[in-house]
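Scroll down for the structure; my scribbles are underneath it.
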Amino acid sequence: MSVTKLAAGDKFPKINVKTLNGEEITLGVPKNGATWQMVVVYRGKHCPLCTKYLAQIAEMKDAFLQAGVDIVAVSADTEEKAKVQAQDKLGLTFEVGYDLSIEQMQQLGVYISNPRSPQ
């Protein structure tokens, strides 16, 4: 499977994702009066490093917004797994998208590994 990495200056792919607040958003389109959007693609609920990273981003959310940067985190997790991770475990208050498809991950240039188990 070939992966094309995004490079500085490349046009960001138009990808729509469902979010935990019931909306569908387009990645790369800032909200909340911001002029930029940071799109964080995380591996999923199973990843302890991602959990730590998302928690750190949450602590800096206000500083990002003051700098004009909106935040959205996305993964291939199901809605239920994303909800457990983002809302129940971490209490994230920025947008969290879910159900990224393999095609969408390829458009984003994300490395896709084979699952270690069906779960």
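Odds and ends about this structure:
- Bridgeable lysines around LYS89 (alpha carbons under 23 Å apart, same-chain partners fewer than 8 residues away excluded): LYS18, LYS45, LYS52, LYS61, LYS81.
- Of ALA76, ALA58, ALA67, the one that fluctuates the most in a GNM where the chain has Cα springs shorter than 10 Å: ALA67
- Taking every C-alpha pair closer than 8 Å and separated by at least 6 residues, the mean separation divided by the residue count of the range 9-119 gives a relative contact order of 28 percent.
- Once the gyration tensor of the Cα atoms in the range 17-108 is diagonalised, the equivalent ellipsoid follows with semi-axes of 19, 16, 12 Å, ordered largest first.
- The fewest-to-most ranking of GLU24, GLU95 by surrounding Cβ atoms within 10 Å reads GLU24, GLU95.
- Sorted fewest first by neighbouring Cβ atoms within 10 angstrom, THR19, THR26 come out as THR26, THR19.
- In terms of other Cβ atoms within 10 Å, LEU27, LEU6 run from fewest to most in the order LEU6, LEU27.
- Bridgeable lysines around LYS11 (alpha carbons under 22 Å apart, same-chain partners fewer than 8 residues away excluded): LYS31.
All of the numbers you see were taken from the coordinates with simple rules; none came from a lab. The structure presented is a predicted model; accordingly, all values stated were derived computationally and were not measured. Here the Cβ is made from the backbone with ideal geometry for all residues, glycine too, and neighbour counts use every protein chain on show.
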